[in-house]
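Before any comments, here is the structure.
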Amino acid sequence: MPLFGNSFSPKKTPPRKWASLSNLHLLDRSTREVELGLEYGTPTMNLAGQSLKFENGHWVSESGSFPGDRRELQRLRKRNQQLEEENNLLRLKVDILLDMLSETTAESHLMEKELEELKQHSRRKK
């Protein structure tokens, strides 16, 4: 027997008789799209007098291309190629410098080893 009693006991709700009163679920897809407005089309926007639409993950001008767009694109491609060539040259220089550093380090270790051997040899003679 509970101490305070069972004062809260909600009643169960009766099950629904009809799942939906709308008959839109009985219509085919194209009719539903027309009725419910599900056909959005491609997103478009207007920037600086140019109309753009979104197709295949990219914004494309509806009128073809922007004025001066080709010149800017060529300039950017040329700059990109120059930077790639410069990057390749710098990578080559870094590789050469690392090789030179490795060679110098190896020679230094050999000289230190020879110096230690000479010191030990001169100590034995004394």
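The values are calculated or read from the model by the stated rules, or taken from the named source; none is laboratory data. Since the structure is predicted, the reported quantities are computational estimates derived from the model, not experimental observations. These area figures cover heavy atoms from the full protein model, side chains too; ligands, DNA and RNA do not enter into them. Shrake-Rupley method; radii C 1.70, N 1.55, O 1.52, S 1.80 Å.
Data for the structure
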quantity	calculated
Largest-first ordering by accessible area, 1.4 Å probe, given options SER30, SER108, SER7, SER61	SER7, SER30, SER108, SER61
The stretch 65-125 - accessible surface per residue (Å², probe 1.4 Å)	101
Diffusion coefficient, µm² s⁻¹, Stokes-Einstein with Kirkwood Rh over alpha-carbon pairs of the stretch 65-125 at 10 °C and 1.306 mPa s	98
Area accessible to solvent at HIS58, 1.4 Å probe radius, in Å²	120
